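The values are calculated or read from the model by the stated rules, or taken from the named source; none is laboratory data. Here the structure is a predicted model, which is why all the values come from computation and not from measurement. Quick reminder, even Gly has a Cβ in these numbers, built from the backbone with ideal geometry, and neighbours come from all protein chains shown. Ligands, DNA and RNA are stripped out before the accessible areas are found, and what is left, the full protein with its side chains, is counted by its heavy atoms. Shrake-Rupley method; radii C 1.70, N 1.55, O 1.52, S 1.80 Å.
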Amino acid sequence: MDTVAFDYYQTGQMPMGVRTLEDAALTDPAQQRDVVFRVHYPAENGPHPVIVYSHGALCSVASYDRLAAYWAARGYVVVVPEHLDAAGRPGAEPMPDLQTLLSTRVRDLSFAADAVPELAAAAGMPDLFSTRQFAVGGHSFGALTAMIKTGVKLQPGMYQFDGPTTDERFVATVSMSGVGLLPPMTDDAFSGLTGPLIATGGTLDEGNVGAGPVYPWEWRLTPFALSPAGDKFRLVLELADHYFGGLMGRDEPGENPDPEGLAIVAATTTAFLDAYLHRSEAARDWLVQTDLAALTEGRATLQEK
């Protein structure tokens with residue numbers, strides 16, 4: 001399942017065939033529980049870089065299939081762990097408290113990286129999943145989860161597992177509809193994001209975390225604003241909402257699906273991944289030189305710092 005017909009970033013190579021491994025359960029000894037994975041991967045060539053992707057709060061892993069299939073068709077393995085708050089999770093326990101939920105989510109991402117060889121074997125592709133090239137990404141609460149792995153700082157005591165919250169295997173971060181400062185984070189939380197990062201958000205994507213204030217859409221792009229300069233990108237989509245009209249993070253499209261908006265995000269993040277996982281100078285040039293506003297007829301703007 002590819003995203004849509006639009007493809008704003010083109011490399012000259014035809015998209016690859018995509019396969020999906022569903023419901024692959026592996027036991028994480030640190031959590032003493034099975035973590036279920038959904039994996040999208042190219043059906044040829046390899047080894048392919050891996051993107052570990054964290055779903056949004058109360059979203060299903062399958063609701064990111066359009067985005068994941070797009071990345072996989074362009075040469076990436078996309079590993080999506082099913083967090084404790086995943087929608088439709090069979091046998092789900094009562095929702096844990098925030099500290100526990102955040103801790104298990106963060107742990108899930110490192111375990112996903114640990115599990116890549118086993119997932120590759122389960123997919124029948126033992127030589128096609130890279131064990132050296134990793135990016136991390138996420139949507140909404142998943143974006144926060146991903147950024148903790150690459151440097152966002154938590155208040156002391158928030159993380160329940162031994163060892164650091166960061167994971168040096170993740171060399172680039174994709175924050176989609178992320179978050180600004182929240183109580184679990186330190187005041188200088190984003191200063192730790194020193195590596196490459198792209199933050200995306202839409203002008204209809206207000207920051208509503210279920211309680212307290214509703215933040216303006218710019219709040220979603222705080223990771224770009226407050227992180228140190230260098231290899232950082234900010235993608236703004238006019239008239240895009242949190243779920244692209246139900247095409248991502250929702251199992252069924254809503255009344256106003258936004259395939260164009262999702263395609264712009266998919267293409268731009270692919271260029272980012274090519275630039276920082278494949279070290280592609282052409283992809284880096286596309287990011288810094290393309291007039292995205294002109295290319296998308298005013299729909300999107302891309303800023304670098």
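Distances between placed amide hydrogens fall under 5 Å for ARG38 paired with VAL80, GLU82, all partners being 5 or more residues away or on another chain. Residue by residue, the range 23-38 carries 3J(HN,Hα) couplings of 6, 7, 9, 10, 8, 8, x, 5, 9, 6, 8, 7, 10, 9, 10, 10 Hz when phi is fed to the Karplus relation 6.51 cos²θ - 1.76 cosθ + 1.60 (θ = phi - 60°); x denotes Gly or Pro. Here the chain exposes an accessible surface that is 50 percent carbon and sulfur, computed with a 1.4 Å probe and the other protein chains kept in place.
Of the GluC sites (Glu not before Pro) in the range 121-218, which ones lie in a loop per DSSP and count no more than 10 other C-beta atoms within 10 Å?
On the way: sites: GLU168, GLU206, GLU218; in loops: GLU168, GLU206.
In loop regions of the range 121-218 (DSSP not H, G, I, E or B), the sparsely surrounded GluC sites (Glu not before Pro) are GLU168.
Taken one residue at a time, the phi angles of the range 99-105 give Karplus couplings (6.51, -1.76, 1.60, θ = phi - 60°) of 4, 5, 4, 4, 4, 5, 4 Hz. Gly and Pro are set to x. If only the Cβ of Lys and Arg carry +1 and only the Cβ of Asp and Glu carry -1, the dipole of the range 120-201 around its Cα centre is close to 120 debye.
Just to be sure I understand: of the beta bridges DSSP finds with both ends in the range 153-254, what percent are antiparallel, rounded to 5? Numbers along the way, then the final one.
Values: 2 of 12 bridges.
Once the DSSP bridges in the range 153-254 are tallied, antiparallel ones form about 15 percent.
Could you do me a favour and compute the accessible area per residue for the range 190-237, 1.4 Å probe, result in Å²?
On the way: 1810 Å² over 48 residues.
Here the residues of the range 190-237 average 38 Å² of exposed surface.
Here the range 251-300 and the range 17-32 have alpha carbon centers that stand 28 Å from each other. For the chain, adding -39500 (n - 2.57) for each run of n ≥ 4 DSSP H residues and dividing by the number of residues yields -7500 deg cm²/dmol at 222 nm. A 1.4 Å probe run over the range 20-134, with the rest of the protein chains in place, finds 36 Å² accessible per residue. Rounded to the nearest 20 debye, the dipole magnitude of the chain is 520 debye, with +1 charges on Lys and Arg beta carbons, -1 on Asp and Glu beta carbons, and the Cα centre as origin. Per-residue 3J(HN,Hα) values for the range 249-263, derived from phi via the Karplus relation 6.51 cos²θ - 1.76 cosθ + 1.60 with θ = phi - 60°, read x, 9, 6, 9, x, x, 6, 10, x, 10, x, 5, x, 5, 5 Hz in sequence order (x marks Gly and Pro).
Counting pairs of alpha carbon atoms under 8 Å apart in space and at least six apart in sequence, what relative contact order in percent does the range 170-275 give? Reported as a whole number, the value is 26 percent. Proximity of backbone amide H atoms, modeled 1.01 Å from N, is registered between ILE51 and VAL77, VAL78, VAL79, ALA135 at under 5 Å, excluding neighbours fewer than 5 places apart on the same chain. Measuring nothing but how far apart in sequence close Cα pairs (under 8 Å, 6+ apart) lie, relative to its length, the chain scores a relative contact order of 17 percent.
Would you work out if the range 219-296 is rounded, prolate or oblate? Take a ≥ b ≥ c from the square roots of the eigenvalues of the alpha-carbon gyration tensor; rounded if a/c is under 1.5, else prolate when a/b is larger than b/c, oblate otherwise. The partial results should precede the final answer.
On the way: a/c = 2.01, a/b = 1.63, b/c = 1.24.
Since a/c reaches 1.5 and a/b is larger than b/c, the shape of the range 219-296 is classed as prolate.
Think of the chain as having a plus end and a minus end, set by charges on the Cβ of Lys, Arg, Asp and Glu; of ALA43, SER130, GLY12, SER130 sits farthest toward the positive end of this dipole. Taking the DSSP beta bridges with both ends in the chain, the antiparallel portion is around 45 percent.
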